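Visitor: Let me begin by handing over the structure; questions about it come next.
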Amino acid sequence: MKRWLRLGRIVPIFGLMLLGLMGCGNPQMSALQPQGKGAEAAYDLMILSLVVMVVVLVIVFLLFTYVLIKFRKRKGDDSIPEQVEGNHMLELLWTGIPIVLLIILAVPTVMTTFDLAVTEKAASGEEGEEAKKDAPMTVKVTAHQFWWEFEYPELGVVTAQELYLPVDTRTNVELSSADVIHSFWIPSISGKMDTNPGDKLVNKMWLHPEEIGTFQGACAELCGDAHALMYFQVKVVSQEKFDAWVESMKTVKFADASSDVSEGQKIFENNCLQCHAVGDKGGKVGPALTGFGDNEKVAGILDHNKENIMKWINNPHDVKPGNNMPDFNFDDAQLDALSDYLLGLETAK
Amino acid sequence: MSNAHAANKSSLWDWLTTVDHKKIGILYLISGGFFFLIGGLEALLIRIQLMKPENTFLTGDLYNQVLTMHGTTMIFLAAMPIIFAFMNAVVPLQIGARDVAFPFLNSLGFWLFFFGGVLLNLSWFLGGAPDAGWTAYAPLSTTSSGSGLDFYVLGLQIAGAGTLIGGINFLVTIINMRAPGMTFMRMPLFTWTAFITSGLILFAFPALTIGFFLLMFDRVFEANFFDASMGGNPIIWEHIFWIFGHPEVYILILPAFGIISEVVSTFSKKRLFGYSAMVFATVLIGFLGFMVWAHHMFTVGLGPVANSIFAVATMAIAIPTGVKIFNWVFTLWGGQIRFTTANLFAVGFIPTFVMGGVTGVMLAAAPADYQYHDSYFVVAHFHYVIVGGLVLGLFAGLYYWYPRMFGKMLNETIGKWNFWTFFIGFHLTFFPQHFLGLMGMPRRYFTYPEGFGLGSMNFISTIGAFFMTIGTILFVYNIIITHAKGKMVSGDPWDGRTLEWAIPNPTPHYNFLQTPLVRGLDALWIEKMAGNKKMTPAEPVGDIHMPNNSILPFIMSLGFFIAGFGFIYFNKGGALALVAIIVGLGIGLVCMFLRSWIDDHGYHIHKKDLPKEDKGADL
């Protein structure tokens with residue numbers, strides 16, 4: 001009876017596997033529902049390897065189940081089985097067939113590995129103008145404990161936590177870190193790559209989103225206390241919208257302090273500007289806040305509303321343990337004014 | 001456990017000074033088992049935290065400490081010593097030897113491991129455990145505040161030295177101490193895997209030792225090996241760690257392969273199918289194990305050439321592993337399969353390990369690994385090979401060799417409950433994690449938001465963890481019941497095939513009254529088939545030379561333990577720390593001097609004190 005139970009367990013396992021691969025999970029963050037070319041290449045390879053491996057699994061499981069049922073010791077049968085030494089033909093068979101299966105898998109693996117890489121030649125245009133034309137733009141990603149900085153050097157735009165990408169275009173990405181090793185992962189658009197500290201260890205990859213929408217990015221290398229909260233949003237928009245966004249980001253200027261600026265801006269200037277940039281002013285220690293009012297999340301994880309902004313400013317360590325922002329003990333009126341100011345940091349739409 | 005050895009009543013002093021491989025095996029088993037329970041408790045805490053979205057049971061740094069200690073404890077302080085427990089308890093008997101080649105070193109290896117493990121775990125009470133993952137990637141590990149990472153480096157350095165010593169000892173033992181006629185190609189497969197594993201330890205652990213020294217210098221003496229801003233390179237740590245870390249995976253799994261080979265063969269009453277192919281596959285896996293470390297680093301940015309080479313090399317390991325799987329199935333083919341608890345675990349191992357192997361090949365496809373890497377898919381994969389492979393193998397080995405180690409047989413009814421709860425719980429825990437990873441859940445996350453749709457699979461996984469806990473509790477209960485109520489069994493309770501079943505129960509201090517003459521693979525089975533009740537002796541009954549007990553290994557390890565404390569507090573403890581370093585290292589050096597200076601020739605058990613005649617297993 002127990003033996004049949006064991007067989008019975010295999011069937012739902014395959015059922016679940018197929019169900020899973022038909023697309024489970026949240027389409028904004030699932031590797032099983034690719035929305036970009038990198039994720040598609042990985043997905044195709046997953047399916048190929050899974051099919052090859054399921055063939056192996058089925059053969060082993062069937063053979064195994066048959067053996068357990070057929071050759072179990074029966075009561076009263078004390079005969080001694082034949083002491084077989086082995087069988088050369090069989091050994092060759094189960095060495096040879098896996099080699100063939102692995103070659104079937106290895107060839108596309110190597111090809112895809114090269115397809116997904118940004119080689120020196122491709123980046124400099126030596127591999128033909130085609131490769132360079134395909135990737136008109138570079139984004140420099142710098143990971144920090146526990147937030148993401150996105151710089152568009154050709155466009156002169158710096159932002160944080162929300163990565164804007166034009167749809168159906170290849171964007172090259174240069175990855176580095178300001179502190180420890182993190183890993184840059186947008187499951188539905190592309191596989192991950194580590195961000196290493198140091199100028200010599202900058203990594204390159206490319207993103208090629210194919211659907212408009214907001215996608216979830218995450219840190220995939222243990223980086224400290226708030227590793228699990230180091231999310232970012234990826235906003236894939238049409239080329240026109242992207243260009244408009246760039247324009248508006250570039251026109252934002254930090255209004256000079258004069259008597260008519262809001263109370264919130266004064267508080268910001270005195271307390272926050274040292275680390276956080278708005279438009280052309282401010283430090284680079286913390287995330288740039290240009291266009292912060294348009295964001296979908298506060299600190300990459302909380303819903304974007306005034307309440308959460310206030311929660312974050314006064315108790316950032318309750319939200320993200322171990323982050324580098326100091327605790328500000330603003331009173332309610334100050335907090336209110338500051339939050340209003342931050343919510344007002346919208347780009348012209 | 002001492003009551004199991006009714007024949008030689010043992011005091012605490014005897015356990016501290018013993019150089020007998022059988023007792024050292026028991027020491028390894030008890031301490032490895034203890035750390036296994038601690039590591040299991042940590043796993044349970046992790047699963048409780050992840051049971052529901054946005055849980056606040058265990059968050060932030062504390063969660064990182066628990067996950068780090070879970071991994072570190074399970075690999076270094078639970079799996080390794082339990083493997084050494086079996087190597088000690090079984091290998092000398094399987095090759096017909098009276099002890100290991102270096103009994104003193106054997107004891108030293110154990111006590112170094114023990115004190116290293118204790119040192120690491122003391123961090124819980126002294127300001128917090130290490131929190132940079134068991135892989136301790138720099139610069140997170142070099143910049144982590146507190147002393148946790150110092151405990152990690154020093155504790156594992158001391159424990160690792162013990163492991164290296166143990167590995168060398170077993171290499172020499174297996175090469176030099178085999179009974180007459182026990183050629184290499186007649187060695188039982190467990191001895192073969194112990195041999196290859198020891199070889200892997202010899203080449204892999206020095207890399208870790210060096211890595212730990214560099215990390216220690218970065219942390220304690222402010223060196224800059226891994227500090228990019230000072231010209232160092234954090235990637236070097238990853239290379240060093242995985243040059244050790246990947247062979248370590250095979251160090252762990254090969255002995256499990258050996259156990260499965262013994263158990264499957266015994267309980268199907270058949271010779272191991274394709275013995276020479278099995279030996280060759282073991283050697284090949286050990287060799288290839290050193291060629292594939294960078295598959296842990298596909299996302300580091302090594303470039304497409306390196307990634308392709310390591311991807312293909314990794315896939316190649318599937319071939320010898322597949323050979324093993326098919327040979328086990330064909331060992332069962334045509335046999336008289338008895339489903340004892342030991343064999344249930346062995347038979348449960350086969351499909352489970354195949355599933356872990358399958359995801360291993362999937363992970364080898366580098367571009368797909370860009371998605372799998374550091375996600376729950378990887379967590380599922382390595383738990384399938386380490387728990388579904390190694391731990392099921394260890395359980396099989398425990399139920400199989402328990403009568404040899406303790407003279408009593410574990411309760412079979414409780415054993416079967418133990419198997420089913422653990423086995424079902426295991427699949428329930430880890431199967432859903434494949435999907436969690438593909439759905440975008442990175443590993444080492446202490447929480448996940450409500451809206452991500454990861455809740456139900458995580459909940460199933462936690463339920464599974466409780467089933468595994470029940471299985472483990474049943475096992476502990478089984479041990480207690482067995483020692484309280486179990487009866488002594490004969491020396492050959494399973495109708496065994498190999499030499500460890502050719503001797504009476506309890507195992508005599510000197511193992512074999514007369515060194516046996518080995519006439520082929522499955523030496524005992526050959527004699528049984530020839531109608532003999534016992535092994536043919538290779539020598540007349542005579543004086544038996546035995547090594548003396550020694551307290552020096554214990555004191556020497558204690559010295560390094562004290563010095564370890566000194567280094568941990570070197571930056572904070574001032575003069576006291578310096579004193580601890582000097583005293584601790586001094587104790588170690590004095591012990592080394594004494595060991596070199598005092599001639600210790602051992603002693604003889606005289607012929608008149610020995611039984612007249614070897615009566616075999618049924619004495």
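The values are calculated or read from the model by the stated rules, or taken from the named source; none is laboratory data. None of the values given here were measured: they were computed from a predicted structure. Cβ coordinates were reconstructed from backbone atoms using ideal geometry, including for glycine residues, and neighbour counts include every protein chain displayed.
Visitor: Suppose we keep only residues that are at the interface with chain B (Cβ under 8 Å from one of its Cβ atoms) and not in a loop (DSSP other than H, G, I, E, B) within the stretch A:68-80. Which one would you say is nearest to B:K324 (Cα to Cα)?
Guide: Of everything passing the filter in the stretch A:68-80, A:L68 is nearest to B:K324 (Cα to Cα).
Visitor: Among the helices (runs of 4 or more DSSP H) contained in the stretch B:317-434, which hold 2 or more residues that are modelled with pLDDT of 95 or more and within 12 Å of chain A (Cβ to nearest Cβ)?
Guide: So the answer is B:341-364, B:366-372, B:376-385.
Here is a yes/no grid of residues against (1) closer than 18 Å to B:T163 by Cα; (2) buried (at least 24 other Cβ atoms within 10 Å of the Cβ); (3) not hydrophobic (A, V, I, L, M, F, W, C):
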| position | (1), (2), (3) |
| --- | --- |
| B:G231 | no, no, yes |
| B:F241 | yes, yes, no |
| B:P255 | yes, yes, yes |
| B:S261 | no, yes, yes |
| B:S276 | no, no, yes |
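Visitor: Scan B:N458, B:N505 and give me the residue that is in a helix (DSSP H, G or I) and either farther than 30 Å from B:K615 by Cβ or of a type outside the set (A, V, I, L, M) (or both).
Guide: Just one listed residue meets the conditions, B:N458.
Visitor: Another question about this same structure. Touching a residue at least 12 places away in the same chain (Cβ under 8 Å) and crowded, with 16+ Cβ neighbours inside 10 Å: is that true of B:I555 in this structure?
Guide: When the stated conditions are applied, B:I555 passes them.
Visitor: Is at least one residue of the stretch B:304-323 of a type outside the set (V, I, T) and touching a Lys or Arg at 6+ places or on another chain (Cβ under 9 Å)?
Guide: Of the residues in the stretch B:304-323, the ones of a type outside the set (V, I, T) are B:304, B:306-308, B:310-311, B:313, B:315-316, B:318, B:320, B:322.
From what is left, the residues that are touching a Lys or Arg at 6+ places or on another chain (Cβ under 9 Å) are none.
Scanning the stretch B:304-323, I find no residue that is of a type outside the set (V, I, T) and touching a Lys or Arg at 6+ places or on another chain (Cβ under 9 Å), so the answer is no.
Visitor: Oh, and also: Take the stretch B:153-204 and flag every residue that is of a type in the set (V, I, T) and surrounded by fewer than 20 Cβ atoms within 10 Å (Cβ to Cβ). Don't jump to the end; show me each part of the working.
Guide: So in the stretch B:153-204, the residues of a type in the set (V, I, T) come out as B:153, B:158, B:163, B:165, B:168, B:172-175, B:183, B:191, B:193, B:196-197, B:201.
Scanning the stretch B:153-204 gives B:I168, B:V172, B:I175, B:T183.
Visitor: Check off (1) in contact with a helix residue (DSSP H, G or I) (Cβ under 9 Å, 6 or more places away or on another chain); (2) under 25 Å from A:M230 (Cα atoms); (3) modelled with pLDDT of 95 or more for A:D199 and give me the number that stays unchecked.
Guide: Result: A:D199 fails condition (3) only.
Visitor: Considering only residues that are of a type outside the set (D, E, K, R) and over 20 Å from the mean Cα position of the chain (by Cα), look in the stretch A:136-154 and name the one that is modelled with the lowest pLDDT.
Guide: Filtering first and then ranking leaves A:P136.
Visitor: Given B:T266, B:T314, which one is within 30 Å of A:P197 (Cα to Cα), more than 8 Å from chain A (Cβ to nearest Cβ) and β-branched (V, I, T)?
Guide: From the options B:T266, B:T314, the qualifying one is B:T314.
Visitor: Tell me, which strands (runs of 3 or more DSSP E) wholly within the stretch A:148-194 include 3 or more residues that are within 14 Å of chain B (Cβ to nearest Cβ)? Give the derivation first.
Guide: Values: elements: A:157-160, A:162-166, A:171-177, A:182-186.
Filter on the stretch A:148-194 gives A:171-177, A:182-186.
Visitor: Continuing with the same structure: Does A:V110 meet the test of being crowded, with 16+ Cβ neighbours inside 10 Å, touching a helix residue (DSSP H, G or I) at 6+ places or on another chain (Cβ under 6 Å) and either modelled with pLDDT under 95 or at the interface with chain B (Cβ under 7 Å from one of its Cβ atoms) (or both)?
Guide: So A:V110 passes the test.
Visitor: A:V298: of a type in the set (A, V, I, L, M) and either free of Cβ contacts under 8 Å to residues at least 12 places away in the same chain or assigned by TED's automatic domain parsing to the domain that holds A:W185 (or both), yes or no?
Guide: Judged against the criteria, A:V298 is not a match.
Visitor: Separate question: Among (1) in a loop (DSSP other than H, G, I, E, B); (2) in contact with a helix residue (DSSP H, G or I) (Cβ under 9 Å, 6 or more places away or on another chain), which single condition is B:E539 missing?
Guide: Single failed check for B:E539: (2).
Visitor: Restricting attention to the stretch B:221-243, does a residue exist that is in contact with a Leu (Cβ under 9 Å, 6 or more places away or on another chain), among the polar types (S, T, N, Q) and not in a helix (DSSP H, G or I)?
Guide: Yes; the residues of the stretch B:221-243 include at least one that is in contact with a Leu (Cβ under 9 Å, 6 or more places away or on another chain), among the polar types (S, T, N, Q) and not in a helix (DSSP H, G or I).
Visitor: Could I ask something else about it? Which of the residues spanning the stretch A:318-331 are over 15 Å from A:F268 (Cβ atoms) and buried (at least 16 other Cβ atoms within 10 Å of the Cβ)?
Guide: A:V319, A:K320, A:P321, A:G322, A:N323
Visitor: Among the residues of the stretch A:199-235 satisfying the criterion of being assigned to a loop (DSSP other than H, G, I, E, B) and either out of contact with any strand residue (DSSP E or B) (no Cβ under 8 Å at 6 or more places or on another chain) or aliphatic (A, V, I, L, M) (or both), which is nearest to A:A31 (Cα to Cα)?
Guide: Ranking the qualifying residues of the stretch A:199-235, first place goes to A:A220.
Visitor: A follow-up question, please. When the stretch A:223-244 is examined, which residues are found to be in contact (Cβ under 8 Å) with a residue 24 or more places away in the chain, crowded, with 24+ Cβ neighbours inside 10 Å and at the interface with another protein chain (Cβ under 8 Å from one of its Cβ atoms)?
Guide: A:C223, A:G224, A:A226, A:H227, A:L229
Visitor: So for the stretch B:215-231 (the condition being at the interface with chain A (Cβ under 10 Å from one of its Cβ atoms), more than 18 Å from the chain's Cα centre (by Cα) and closer than 14 Å to B:T135 by Cβ), does at least one residue qualify?
Guide: Scanning the stretch B:215-231, I find at least one residue that is at the interface with chain A (Cβ under 10 Å from one of its Cβ atoms), more than 18 Å from the chain's Cα centre (by Cα) and closer than 14 Å to B:T135 by Cβ, so the answer is yes.
Visitor: May I pose another question? How many of the residues making up the stretch A:203-220 are at the interface with chain B (Cβ under 9 Å from one of its Cβ atoms), closer than 20 Å to A:A288 by Cβ and surrounded by fewer than 23 Cβ atoms within 10 Å (Cβ to Cβ)?
Guide: Going through the stretch A:203-220 one residue at a time, the tally reaches 0.
Visitor: Looking only at residues that are part of a loop (DSSP other than H, G, I, E, B) and more than 17 Å from A:Y231 (Cα to Cα) in the stretch A:287-307, which one is modelled with the highest pLDDT?
Guide: A:N305
Table: residues versus (1) within 13 Å of another protein chain (Cβ to nearest Cβ); (2) under 16 Å from A:L229 (Cα atoms); (3) crowded, with 20+ Cβ neighbours inside 10 Å; (4) not small (G, A, S).
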{"position": "B:L44", "(1), (2), (3), (4)": "no, no, no, yes"}
{"position": "B:I48", "(1), (2), (3), (4)": "no, no, no, yes"}
{"position": "B:L58", "(1), (2), (3), (4)": "yes, yes, no, yes"}
{"position": "B:Q65", "(1), (2), (3), (4)": "yes, no, yes, yes"}
{"position": "B:T68", "(1), (2), (3), (4)": "yes, no, yes, yes"}
{"position": "B:T73", "(1), (2), (3), (4)": "no, no, yes, yes"}
{"position": "B:L77", "(1), (2), (3), (4)": "no, no, yes, yes"}
{"position": "B:M80", "(1), (2), (3), (4)": "no, no, yes, yes"}
{"position": "B:I83", "(1), (2), (3), (4)": "no, no, yes, yes"}
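Visitor: Which ones in the stretch B:602-619 are under 32 Å from the mean Cα position of the chain (by Cα) and either without any contact (Cβ under 8 Å) to a residue 40 or more places away in the chain or farther than 23 Å from B:V19 by Cβ (or both)?
Guide: If the condition is that a residue be under 32 Å from the mean Cα position of the chain (by Cα) and either without any contact (Cβ under 8 Å) to a residue 40 or more places away in the chain or farther than 23 Å from B:V19 by Cβ (or both), then B:G616, B:A617, B:D618 are the ones that fit.
Visitor: Of all residues in the stretch A:49-67 being closer than 26 Å to B:A365 by Cα and at the interface with another protein chain (Cβ under 7 Å from one of its Cβ atoms), which is surrounded by the most Cβ atoms within 10 Å (Cβ to Cβ)?
Guide: A:S49
Visitor: Which members of the stretch B:295-311 meet the condition of being within 7 Å of another protein chain (Cβ to nearest Cβ) and not in a helix (DSSP H, G or I)? Working first, answer last.
Guide: Here is the first cut: in the stretch B:295-311, the residues within 7 Å of another protein chain (Cβ to nearest Cβ) are B:299-301, B:303-304, B:307-308, B:311.
Matches in the stretch B:295-311: B:T299, B:V300, B:G301, B:G303.
Visitor: Could you list, in sequence order, the residues of the stretch B:159-213 that are of a type in the set (S, T, Y) and in a helix (DSSP H, G or I)?
Guide: Once the filter is applied, which keeps residues that are of a type in the set (S, T, Y) and in a helix (DSSP H, G or I), the stretch B:159-213 yields B:T163, B:T173, B:T191, B:T193, B:T197, B:S198, B:T209.
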